[in-house]
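Visitor: Sharing a structure, written as structure tokens. Questions coming.
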Amino acid sequence: MNTLLLYFKREWQLLFRNTGALIQPLVFFIIIALLFPFSLPAEITLLQKIGGGIIWVAAVLASLLSLENMFQSDYQDGTLEQAIIHQRSLEMAMLGKVLAHWSATGLFLTVFSPLLCLTFNIPSEQIWVLFFGLLLGTPSLTLIGAVGAAITVTLRRGGVLIAIIILPLYIPVLIFGAGMLSQSAQGLEITSQLYTLAAIFVLAITLAPFAIASALRATIN
Amino acid sequence: MTALAATHKTDSDQCLLQGHDLHCVRGERSLFTGINVTVNRGQCLHIVGANGSGKTSLLRILCGLSSADSGTVLWRKQPLANNVDFNASTAYVGHKDGLKNELTAIENLRFQQQLEGINDEQALDDCLAQLKILYCADLSAQALSFGQRRRLAFARLLLSSKASSKTSSKVLWILDEPFTGIDIHGRALIEDLCVQHLSDGGAIVMTHHQSLDQSGLAKYRSELNLEAHGGNL
């Protein structure tokens with residue numbers, strides 16, 4: 001079977017045996033986004049205006065939360081070593097793993113985001129803009145984040161370091177993702193933002209696997 | 001120079017792995033220097049040395065997980081970096097078992113088998129039975145004892161050696177302290193597997209703290225003592 005599919009399947013199996021870790025990012029995402037309406041003045045127009053941006057920031061933080069464990073357990077139990085010395089391509093194996101991670105975090109967040117939009121009273125035509133923005137943006141977040149996770153895999157408490165390395169790299173995705181919302185609120189075209197998010201995704205999915213694999217080879221050394 | 005008993009076979013097919021003038025530094029300390037190794041078919045290279053003398057580091061260099069600070073390792077006369085033939089022909093069992101806690105014993109093996117591109121349920125049972133852990137097949141790896149996990153790691157090694165097609169069979173086994181945590185029956189079992197592997201033309205590099213003189217491996221054995229190559233600052 002294809003290396004990518006094999007690792008994708010195994011990662012799903014592992015994620016669904018550990019349901020606690022699986023729902024953590026989702027719950028975190030919902031709670032972070034819900035804290036804002038409580039802490040801000042109760043003006044419907046204000047929440048409408050900033051709601052999309054808040055959901056984007058919450059999505060970024062939630063996908064960051066799940067990154068630390070991405071390669072850590074593989075490193076600790078030695079399966080990562082075995083994957084490195086196996087003749088199958090490490091790049092494809094890790095891409096399968098990262099995509100499985102995305103489908104268990106980013107995809108879940110995206111599916112739940114329309115629900116959060118309701119709490120911010122975001123108009124229904126903008127809910128779709130946010131939904132497709134997240135659908136295009138979160139895979140890039142996970143792929144870029146995985147590079148940071150691979151660099152810090154041997155460190156005991158790499159979480160904060162991952163955040164410091166990775167968050168600046170999330171800024172472009174955030175600008176175009178959240179920018180799309182304010183554009184559409186003013187009734188403007190959003191195709192350019194969509195294309196840019198798609199371009200970032202294509203760039204991330206082609207380059208990240210090589211960066212992840214060489215980061216892992218170098219840190220395991 | 002080489003601490004190996006010289007083998008007079010010059011046939012290039014016999015010689016699998018060669019390390020020339022290997023040097024390894026960890027932190028400020030030079031672990032070993034000037035190591036030359038040759039591993040031929042049917043040979044069990046036994047690396048000995050005190051704790052911290054660099055046995056594991058040497059093994060990791062030989063299996064391509066780390067790179068030596070100087071010196072070269074050749075697999076069938078080719079360098080190790082990005083060497084698909086080497087990766088397809090080598091199996092490594094290290095301190096870490098390489099097992100997923102969330103998966104059962106048999107699922108761990110099945111994944112390995114799928115990686116080798118084979119689908120044969122019977123072979124999975126056979127491997128577990130050979131290591132006498134068939135009764136653990138449906139237990140999650142987390143529930144296994146240390147010794148059972150070690151046996152399962154060997155079942156995986158055996159599976160990948162058996163399963164591979166002829167062109168890419170695992171000729172070279174690299175074993176780091178293979179008998180740690182394994183009882184006396186298990187040890188005899190693993191020694192038998194090793195002897196079988198060697199007599200089939202395979203090769204083994206292993207570290208082990210006790211002498212192999214009393215074991216079935218004695219006649220294949222050659223010894224490399226790292227303390228004779230101890231580095232200095």
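Throughout, read-outs are computed from the coordinates displayed, never taken from laboratory work. Only a predicted model underlies this, so the values are computations on that prediction, with no experimental measurement involved. Backbone-built Cβ (ideal geometry, glycine too); neighbour counts: all protein chains shown.
Visitor: Extending each Cα 7 Å along its Cβ direction at B:I184 and B:I118, get the distance between those two points in nm, one decimal.
Guide: So the label points at B:I184 and B:I118 sit 3.4 nm apart.
Visitor: Could you tell me the convex hull volume per residue, in Å³, taken over the Cα atoms of segment A:3-220?
Guide: Details: hull volume 24.5 nm³, N = 218.
Spread over its residues, the Cα hull of segment A:3-220 gives 112 Å³ apiece.
Visitor: Computed FRET efficiency, Cβ-Cβ of A:L34 and A:Q186, R0 30 Å: what is it to the nearest 0.05? Each step should come with its number before you reach the end.
Guide: Working: r = 27 Å, r/R0 = 0.89.
Computed FRET efficiency for A:L34 and A:Q186 comes out at 0.65.
Visitor: Also, I was wondering about something else. Using the charge dipole of chain B (Lys, Arg: +1 at Cβ; Asp, Glu: -1 at Cβ; taken about the Cα centre), state which of B:Q148, B:L224, B:I184 has its Cα farthest towards the positive end.
Guide: B:L224
Visitor: Magnitude of the Cβ-charge dipole of segment A:3-220, K/R +1 and D/E -1, about the Cα centre, nearest 20 debye? Please list the in-between numbers first.
Guide: Details: 9 positive and 9 negative charges, 76 e Å.
Result for segment A:3-220 is approximately 360 debye, rounded to the nearest 20.
Visitor: By how many nm would the segment from A:V111 to A:T45 lengthen if fully extended, with 0.36 nm per residue of separation less the alpha-carbon distance? Mind dumping the intermediate values first?
Guide: Numbers: separation 66, 0.36 × 66 = 23.76 nm, distance 2.45 nm.
Between A:V111 and A:T45, full extension yields 21.3 nm more.
Visitor: May I ask which residue of B:L159, A:A93, A:L26 lies farthest towards the positive end of the charge dipole of the protein assembly as shown, with charges of +1 (Lys, Arg) and -1 (Asp, Glu) on Cβ and the Cα centre as origin?
Guide: Value: B:L159.
Visitor: So what is the orientation-averaged projected area of segment B:18-159, using the convex hull of its C-alpha atoms, in nm²?
Guide: Values: hull surface 40.4 nm².
Averaging across all directions leaves 10.1 nm² for the Cα convex hull.
Visitor: Right, next: What is the helix-to-structure angle for A:19-39, meaning the angle in degrees between its Cα long axis and the longest Cα principal axis of chain A, kept from 0 to 90 and rounded to the nearest 10?
Guide: 30 degrees
Visitor: Ok, one more. Compute the normalised compactness of segment B:82-125: alpha-carbon radius of gyration over 2.2 N^0.38 Å, N being the residue count. Intermediate results must be reported in sequence, preceding the final value.
Guide: Working: Rg = 12.2 Å, N = 44, 2.2 N^0.38 = 9.3 Å.
After normalising by residue count via 2.2 N^0.38 Å, the value is 1.31.
Visitor: Which semi-axis lengths, in whole Å and largest first, follow from the square roots of five times the eigenvalues of the Cα gyration tensor of segment A:98-208? Could you put the intermediate results ahead of the total?
Guide: Details: eigenvalues 147, 47, 30 Å².
They are 27, 15, 12 Å, listed largest first.
Visitor: For segment A:3-220, build the charge dipole from Cβ charges (+1 Lys, Arg; -1 Asp, Glu) around the Cα centre, then report which of A:L181, A:C117, A:L134 sits farthest towards its positive end.
Guide: The listed residue farthest towards the positive side: A:L134.
Visitor: Provide, for q = 0.06, 0.13 Å⁻¹, the log10 of I(q)/I(0) from a solvent-free Debye sum over equal Cα point scatterers in the protein assembly as shown.
Guide: Debye curve over Cα of the protein assembly as shown, log10 I(q)/I(0) at q = 0.06, 0.13 Å⁻¹: -0.33, -1.11.
Visitor: Next up: Based on DSSP H runs of at least 4 residues, each adding -39500 (n - 2.57), what is the mean residue ellipticity at 222 nm of chain B after dividing by all its residues, to the nearest 500 deg cm²/dmol? Can you show the working numbers first?
Guide: Details: 6 runs with 69 residues, N = 233.
For chain B, the value works out to -9000 deg cm²/dmol.
Visitor: Here is a further query. Kindly express, to the nearest 10 degrees and within the range 0 to 90, the angle between helix A:106-119's C-alpha long axis and the longest C-alpha principal axis of chain A.
Guide: Helix A:106-119 and the main axis of chain A meet at about 20 degrees.
Visitor: Straight-line reach from B:K170: which aspartates and glutamates have Cα under 12 Å away, leaving out those fewer than 8 places along the same chain?
Guide: Straight-distance partners of B:K170: B:D85, B:E116, B:D200.
Visitor: Tell me what chain A gives for mean residue ellipticity at 222 nm when only DSSP H runs of n ≥ 4 count, each as -39,500 (n - 2.57), the sum divided by the residue total, rounded to 500 deg cm²/dmol.
Guide: Details: 10 runs with 188 residues, N = 221.
It lands at -29000 deg cm²/dmol.
Visitor: In the structure displayed, which of A:K9/B:K132; B:K55/B:K96; B:K55/B:K162 lie more than 18 Å apart, Cα to Cα?
Guide: Values: A:K9/B:K132 29 Å; B:K55/B:K96 15 Å; B:K55/B:K162 27 Å.
As for pairs spanning more than 18 Å Cα to Cα, those are A:K9/B:K132; B:K55/B:K162.
Visitor: Taking 0.36 nm per intervening residue step and subtracting the Cα-Cα distance, what contour gain separates A:A21 from A:F210 on full extension?
Guide: Details: separation 189, 0.36 × 189 = 68.04 nm, distance 2.67 nm.
Full-extension gain reported as 65.4 nm.
Visitor: Moving to a separate point now. Note down the net charge around A:I85, summing +1 for each Lys or Arg and -1 for each Asp or Glu among other residues with Cβ under 14 Å from its Cβ. Let's see the in-between values first.
Guide: Details: positive: A:R88, A:R217, B:R60, B:K96, B:R156, B:K170; negative: A:D74, A:E81, B:D85, B:E116, B:D176.
In short, +1.
Visitor: Can I ask one more? Can you give me the convex hull volume of the Cα atoms of segment A:1-113, divided per residue and expressed in Å³? All intermediate terms of the calculation are to be shown ahead of the outcome.
Guide: Values: hull volume 11.5 nm³, N = 113.
Expressed per residue, the convex hull around the Cα atoms of segment A:1-113 is 102 Å³.
Visitor: What is the sum of charges around B:S199, taking Lys and Arg as +1, Asp and Glu as -1, for the other residues whose C-beta is under 12 Å from the C-beta of B:S199? Mind dumping the intermediate values first?
Guide: Values: positive: B:R41, B:K219; negative: B:D192, B:D200.
Around B:S199, the charge tally is 0.
Visitor: To the nearest whole percent, what portion of all C-alpha pairs in segment B:107-233 is separated by more than 23 angstrom? Each step should come with its number before you reach the end.
Guide: Numbers: 2958 of 8001 pairs.
Looking at segment B:107-233, the distances longer than 23 Å represent 37 percent of pairs.
Visitor: Another one. What is the angle, in °, between the Cα long axis of helix A:44-65 and the longest principal axis of the Cα atoms in chain A? Nearest 10 is fine, range 0 to 90.
Guide: In chain A, helix A:44-65 runs at an angle near 0 degrees to the longest axis.
Visitor: What does the net charge come to around B:L65 if you take all other residues with beta carbon closer than 12 Å to its beta carbon, with K and R at +1 and D and E at -1?
Guide: Working: positive: A:R217, B:R60, B:K96; negative: A:E81, B:D176.
That sum, taken over residues with Cβ under 12 Å, equals +1.
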